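J.: Below is the structure I would like to discuss, written out as C-alpha cells.
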Amino acid sequence: MGARNAIRHLGEGEERRLLRRLASGDQNARRRLIEAYLGMVSALSRRYARRWGVPLEDLLQEGALALVQAVDHYDPDREMKLSTYATWWVKQAIRRAAMAQSHPVRIPERLWERVENLSRAERYSGSRTEQTGSDREPSEASSWSHEELEEVRCALRPVVSLEAPVGEGAYE
C-alpha cells in the first residue's frame, strides 16, 4: 500500500464524531483529524513551491504546523467546515513562508497580493490577445496606475550582490 493510500479520508459523519471526541480531549481524534487533512497541506505546498520556487519540504513543514494550529483552534459552533477553516490557516502559513524564502529582502504581504493580481491580469490579457500583455492591458484589467505597476515590478527584480562584478568584461 502506497503512502497516498495509507490515510483514509473522512466522511462527514466520521468527521463530526472525531470533532466531538476532540472537544472532550481525545488526542487520538486530534491525530486522526490532522492526518486526514495532510493531503490538503501537500497539495497547497506543491502549488506554492512551483509558483515561487521555494523548497517543498519547508512549505510542507509550515503547512503541517498551521494545520495542527487550525485543528486546535477550531470551533464547531461557528458552523464552518473544518476543511474550510484549516485551508485558510494553511494557506496563510505557506504564503508567509514562501514569501520569506523566495525573496532575500522582505516584501510586504500587500505587495505580494498585488503581484498575484498582476500576474492574473497579465495571464488574462495574454490569453485574450494571444500575446504577452503590455503595461496598458494589465493596468486596465486591474485598474492600476503605471506607477503602481512599476512598484510591483521593481519589488520583483532580482537582488544583486554588492560583490557582483560591474562594468564591461566583468563576466569574462
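The values are calculated or read from the model by the stated rules, or taken from the named source; none is laboratory data. All figures in this text were calculated on a predicted structure; none of them were measured in a lab. Here the Cβ positions follow ideal geometry from the backbone for every residue, glycine too, while neighbour counts run over all protein chains shown. Accessible surface is based on the protein model in full, side chains and every heavy atom, while ligands, DNA and RNA are left aside. Shrake-Rupley method; radii C 1.70, N 1.55, O 1.52, S 1.80 Å.
J.: In region 65-91, how many are in a helix (DSSP H, G or I), farther than 30 Å from CYS154 by Cα and not acidic (Asp, Glu)? Can you show your working first?
T.: Taking region 65-91 first, the residues in a helix (DSSP H, G or I) are 65-73, 76-78, 82-91.
Next cut, farther than 30 Å from CYS154 by Cα only: 65-73, 76-78, 82-87.
Filter once more, keeping what is not acidic (Asp, Glu): 65-71, 73, 76, 78, 82-87.
Selection size over region 65-91: 16.
J.: Then there is this: Of these, GLU150, GLU163, which one is modelled with pLDDT of 75 or more, more than 23 Å from LEU56 (Cβ to Cβ) and not in a helix (DSSP H, G or I)?
T.: On the way: GLU150 fails: not in a helix (DSSP H, G or I).
That would be GLU163, the only listed residue that is modelled with pLDDT of 75 or more, more than 23 Å from LEU56 (Cβ to Cβ) and not in a helix (DSSP H, G or I).
J.: What is the residue count in region 112-123 for residues that are under 15 Å from the mean Cα position of the chain (by Cα) and buried (at least 20 other Cβ atoms within 10 Å of the Cβ)?
T.: 1
J.: Would you say ILE94 is more than 29 Å from ARG157 (Cβ to Cβ) and part of a helix (DSSP H, G or I)? Explain how you work it out, then say what you get.
T.: Values: more than 29 Å from ARG157 (Cβ to Cβ): no; part of a helix (DSSP H, G or I): yes.
Judged against the criteria, ILE94 is not a match.
J.: Continuing with this model, one more query. Which ones in region 21-67 are within 25 Å of GLU116 (Cα to Cα), in contact (Cβ under 8 Å) with a residue 40 or more places away in the chain and not β-branched (Val, Ile, Thr)?
T.: MET40, LEU44, SER45, TYR48, ALA49, ARG51, TRP52, GLY53, PRO55, ASP58
J.: Given the options GLU35, GLU79, GLU14, GLU109, name the one that is closer than 22 Å to LEU149 by Cβ and open to solvent by 30 Å² or more (accessible area, probe 1.4 Å). Give the derivation first.
T.: Working: GLU35 fails: closer than 22 Å to LEU149 by Cβ; GLU79 fails: closer than 22 Å to LEU149 by Cβ; GLU14 fails: closer than 22 Å to LEU149 by Cβ.
It is GLU109.
J.: Scan region 55-64 and give yes if some residue there is charged (D, E, K, R), in a helix (DSSP H, G or I) and buried (at least 19 other Cβ atoms within 10 Å of the Cβ), otherwise no.
T.: Of all residues in region 55-64, those charged (D, E, K, R) come to 57-58, 62.
When the remaining residues are screened for being in a helix (DSSP H, G or I), the result is 57-58, 62.
Still in the list and also buried (at least 19 other Cβ atoms within 10 Å of the Cβ): 62.
Yes, that holds for at least one residue.
J.: Among residues belonging to region 38-54 that are open to solvent by less than 30 Å² (accessible area, probe 1.4 Å) and assigned to a helix (DSSP H, G or I), point out the one that is farthest from ALA98 (Cα to Cα). Spell out how you get there, then give the answer.
T.: To start, the set of residues in region 38-54 that are open to solvent by less than 30 Å² (accessible area, probe 1.4 Å) comprises 41, 44-45, 48-49, 54.
Retained after the next criterion (residues that are assigned to a helix (DSSP H, G or I)): 41, 44-45, 48-49.
On the way: VAL41: 14, LEU44: 11, SER45: 9, TYR48: 7, ALA49: 7 Å.
Looking at the filtered set, the residue picked out is VAL41.
J.: For the subset of region 97-118 comprising residues that are in a loop (DSSP other than H, G, I, E, B) and out of contact with any Leu (no Cβ under 9 Å at 6 or more places or on another chain), which member is nearest to ARG50 (Cα to Cα)? Explain how you work it out, then say what you get.
T.: Here is the first cut: in region 97-118, the residues in a loop (DSSP other than H, G, I, E, B) are 103-108.
Still in the running and out of contact with any Leu (no Cβ under 9 Å at 6 or more places or on another chain): 104-106, 108.
Working: PRO104: 18, VAL105: 20, ARG106: 20, PRO108: 21 Å.
Among them, the one singled out is PRO104.
J.: Here is a further query. Residue under question is TRP88, and the condition is that it be open to solvent by less than 80 Å² (accessible area, probe 1.4 Å), among the aromatic types (Phe, Trp, Tyr) and under 11 Å from the mean Cα position of the chain (by Cα); does it hold? I'd like the intermediate steps shown before the answer.
T.: On the way: open to solvent by less than 80 Å² (accessible area, probe 1.4 Å): no; among the aromatic types (Phe, Trp, Tyr): yes; under 11 Å from the mean Cα position of the chain (by Cα): yes.
No.
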